[in-house]
Amino acid sequence: MNPYALSMLLSSLAIGTTITLSSSHWFLAWMGLEINTLAIVPLMTKMHHPRATESATKYFLTQATASALILFSTTMNAWTTGEWTIMNMSNNTATTVLTIALAIKLGIAPFHLWLPDVLQGLNLMTGLLLSTWQKLAPMALLIMTNHQLNMNLLIIMALASTIIGGWGGLNQTQMRKIMAYSSIAHLGWMILILSFAPSLTMLNLMVYLMLTSSMFIMMMATHSTNINKLSTSWLKTPTLAASTMITLMALGGLPPTLGFVPKWLILQEMTKQHLEALSTMMAMSALLSLFFYLRLSYTISLTSPPNISNSNLTWRMKNNKLLMLPTLIVLSTMMMPIAPTLLTMMN
C-alpha cells in the first residue's frame, strides 16, 4: 500500500478513537466510531485476496448494523429526555439497544459470529489492529455508561462469552481464529465486572491489550498462522518460542504472570457481591481457554516435526522492526508484583 495512503488511514483510525474517547455528546461519539470503521476497511482489503474482501464485507455490514442501532438508541433517548449527553441514558429500552449495539461492535457473545471469520481473512498486522485498537472506542462507551446499563444482560453476555470463547477455540488449528476466540473470552471477563467495579474492567482491558499485542507480534516474527507453523518456530528463534509459551500462559491466566491478576481480582470482587455460583462458573469456563493455550504451548515446546520441512526456514531471523516486543514480553510476564499500583492508578 502507498505509504501516504497508509499514514492517512492510520491517522484516521487514531482520530476516530480520540473523538469517541473525548466526546460527551452521542453524535460525536457515533461519528468517531464511523471514522474508525471506514478507516480500517481499506486496510483489510489491501491483500487483494477473496478472503480479505469477504472479511471486509462482513466487518462493514456488522459494524454498520451496530452503528445504526447506536444512532437509533441515542435518538430514542434524546426523544424522551431532551438530551444527547452520554452520561444521561435514562430510557430502559434505549439502554438495552445500546448495550446490544456495543456488544455487536466488540464481538461479545451471542453477537460474536463475525469475529473469527473476519480475523481469519486478514493479515496479522490488520488482525492486531482489529483485536486491540478497535476495541478501545466501544469499550470506552460501555465504561462511561456502566451505571445505567442492564446488569443482568451484561452478566448473561459475559458468561456466554467466556464459555463460547473457551469452547470455540478448542478445535481450531488456525492461530487467528484461536486469537479471535481468546478475544471473545477476555471480553466476557471485562463486561462481567463492568457494573460492579469499572476500574477492574479498565485493568483487564490494559492487560488484554498488552498480551494480545505481544502474541500477534510474535506470530508476525515467526510467520505463524497455524499450529503446524508454530511448531517449527523453535527452529527459527528459540528465545522467541520460549517467550511465546510464557505469553500463552499469561493469556490463560496462570500465576505468576500478569494475566492472573485481573481474573483473581474479578473473582474476588464477585464473591464480595455474594455471587459465588457465577464466580464458580466463570472460573470453570476459564479452564476451557486454558486448555487450548496449553495445547499451543505443548506444540511449541514438546513436539518436533516428523521430518525435515520443505519450506525455507531462516536460521536465526533478524527482526529489526520488532523493537517493542521485548518490552511487551517483560510487561506481560513480570508486572504481577506491581498489580496493586496498577489498580490504584485505575481508581
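Remarks
- All positions within the range 207-239 that are open to solvent by 10 Å² or more (accessible area, probe 1.4 Å) and closer than 14 Å to residue 293 by Cα: 226, 227, 231
- The sole residue among 61, 71, 98, 129 that is in the same structural domain as residue 29 (by the TED database) and under 17 Å from residue 16 (Cβ atoms) is 71.
- Any hit, the range 136-146, residues being under 11 Å from the mean Cα position of the chain (by Cα) and either among the aromatic types (Phe, Trp, Tyr) or open to solvent by 20 Å² or more (accessible area, probe 1.4 Å) (or both): yes
- Look at (1) open to solvent by less than 10 Å² (accessible area, probe 1.4 Å); (2) under 14 Å from the mean Cα position of the chain (by Cα) and you find that residue 128 fails only one, number (1).
- Within the range 148-179, if we keep just the residues that are in a helix (DSSP H, G or I), touching a residue at least 40 places away in the same chain (Cβ under 8 Å) and under 29 Å from residue 23 (Cα atoms), the residue that is most open to solvent (accessible area, probe 1.4 Å) turns out to be 151.
- The combined condition, being of a type in the set (Val, Ile, Thr) and at pLDDT 95 or above, is fulfilled by residue 163.
- One residue from 313, 323 being at pLDDT below 75, open to solvent by 60 Å² or more (accessible area, probe 1.4 Å) and under 25 Å from the mean Cα position of the chain (by Cα): 323
- Residue check, residue 231 within 18 Å of residue 180 (Cα to Cα) and out of contact with any Pro (no Cβ under 6 Å at 6 or more places or on another chain): no
- Meets criteria (more than 25 Å from residue 195 (Cβ to Cβ), buried (at least 16 other Cβ atoms within 10 Å of the Cβ) and without any contact (Cβ under 8 Å) to a residue 40 or more places away in the chain) for residue 254: yes
The values are calculated or read from the model by the stated rules, or taken from the named source; none is laboratory data. A quick note: this is a predicted structure, and the numbers were derived from the prediction, not measured. For neighbour counting, all protein chains shown are included, and Cβ atoms are generated from backbone atoms with ideal geometry for every residue, glycine included. Heavy atoms of the whole protein, side chains included, go into the accessibility calculation; ligands, DNA and RNA do not. Shrake-Rupley method; radii C 1.70, N 1.55, O 1.52, S 1.80 Å.
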